[in-house]
Amino acid sequence: MSIAVAIGIVAVLAIGVLLWFQERSVRRLVAKRMQTRKAQTTDEFGRHFFDDATAPIASRLREILSRHIEVELSRLHPDDRFIEDLEMVELDSLSAVNFAVDIEREFDISIPDADAARLKTFRDVVEYVSRAIRQTAA
């Protein structure tokens with residue numbers, strides 16, 4: 001094995017370790033922020049923070065979000081901001097697109113990019129999806 005290949009392998013491993021530590025650090029930071037909140041199941045979360053019509057939507061959206069980030073969401077608050085509170089900077093553009101696509105498929109709605117860019121909190125997403133469902137049904 002040449003020295004260049006060995007250096008390349010070591011560099012790739014080092015980058016992997018650094019990314020792993022960063023991800024772990026982000027999860028710990030978010031967990032620390034949420035530690036005083038009561039953990040809730042997905043259904044409890046929906047019923048606690050939303051009205052009867054919106055609670056099932058909120059529950060389903062929390063399940064979808066959990067597939068796209070590595071943060072424990074049992075202590076999520078609807079007014080948590082994706083970037084500032086949940087540290088979703090790791091939710092890169094491809095993941096954000098996949099999150100939106102999953103929402104569109106789950107609820108049979110369309111989310112234009114301009115609308116998606118304005119959704120800053122979990123509550124924003126719940127309200128947007130609720131409105132879109134009502135408009136589709138009308």
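Starting at the first residue of the stretch 116-129, write each ³J(HN,Hα) from the Karplus equation 6.51 cos²θ - 1.76 cosθ + 1.60 with θ = phi - 60°, in whole Hz, x for Gly and Pro.
Result, rounded to whole Hz: 4, 5, 8, 8, 9, 10, 4, 4, 4, 5, 4, 5, 4, 5.
For Arg81, enumerate residues with amide H under 5 Å from its amide H, sequence gap 5+ or separate chain, H modeled in the peptide plane.
Counting only residues 5 or more places away or on other chains, the set is Leu86.
A short reminder: the numbers here are calculations on the coordinates, not readings from a lab. Note that the coordinates shown come from a computational prediction; the quantities given were computed from them, not determined experimentally.
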